[in-house]
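What follows is one structure encoded as structure tokens, with my remarks underneath.
Each reported figure results from applying straightforward, stated rules to the coordinates on display, with no laboratory input. Small disclaimer: the values here were computed from a predicted structure and weren't measured. Here Cβ is always computed from backbone atoms with ideal geometry, including for glycine, and neighbour counts include all displayed protein chains.
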Amino acid sequence: MIVDATGLVLGRLASVTATQLLAGEEIHIVNAEKAIVTGRRENIYGEYAHTRSRGTKEKGPYFPKRPDMILKRTVRGMLPYKMKRGRDALSRLRVYVGVPRELKGQTFEQPEGARARDVGVRHIELGELSKRLGSNF
């Protein structure tokens with residue numbers, strides 16, 4: 001299954017994806033930078049910056065900056081990744097920034113449960129958040 005993350009809410013997308021991965025599906029998510037995070041900009045930036053500053057790559061909890069890795073980390077948080085079935089499920093997930101060459105021309109899906117209901121103006125794209133955290137994807 002190939003999912004286009006454009007306009008989908010990050011948490012909802014991660015939840016639906018985790019359920020499908022545990023069911024045994026292989027999932028490719030494209031356009032990860034266009035997924036949205038709902039809430040006020042200042043709160044979102046503050047929470048992610050705080051989460052990122054808690055640890056380093058060498059010691060402590062590492063939190064990524066790139067949008068594809070943030071999305072993958074969010075899905076990982078919804079899986080029992082310390083158990084074999086969770087690790088196996090996570091190995092069936094591929095997340096991309098943009099659309100890779102091998103997936104061009106194929107049809108993309110958008111799961112019903114991941115669509116935004118009423119986000120209005122209180123949201124940002126994952127790519128914008130990623131750039132604010134210091135990524136240059």
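Give the residue that is surrounded by the most Cβ atoms within 10 Å (Cβ to Cβ), with candidates limited to residues of the range 7-39 that are assigned to a strand (DSSP E or B) and not aliphatic (A, V, I, L, M).
Filtering the range 7-39 down to residues assigned to a strand (DSSP E or B) leaves 8-9, 27-30, 36-38.
If we keep only those that are not aliphatic (A, V, I, L, M) as well, we get 28, 38.
Numbers: H28: 19, T38: 17.
The residue in question is H28.
Six or more apart or on different chains, Cβ atoms under 7 Å: show the pairs whose first residue is in the range 1-28 and of a type in the set (F, W, Y) and whose second is surrounded by 15 or more Cβ atoms within 10 Å (Cβ to Cβ).
From the range 1-28, no pairs qualify.
Can you tell me which residue is farthest from the chain's Cα centre (by Cα) among those in the range 53-90 that are assigned to a helix (DSSP H, G or I) and of a type in the set (D, E)?
Our first condition is that a residue be assigned to a helix (DSSP H, G or I); within the range 53-90, this holds for 53, 67-76, 84-90.
When the remaining residues are screened for being of a type in the set (D, E), the result is 68, 88.
Details: D68: 6, D88: 18 Å.
So, considering only residues that are assigned to a helix (DSSP H, G or I) and of a type in the set (D, E), the one farthest from the chain's Cα centre (by Cα) is D88.
On the given criteria, is K84 surrounded by fewer than 18 Cβ atoms within 10 Å (Cβ to Cβ), closer than 23 Å to A18 by Cβ and touching a residue at least 60 places away in the same chain (Cβ under 8 Å)?
Numbers: surrounded by fewer than 18 Cβ atoms within 10 Å (Cβ to Cβ): yes; closer than 23 Å to A18 by Cβ: yes; touching a residue at least 60 places away in the same chain (Cβ under 8 Å): no.
No: the conditions fail for K84.
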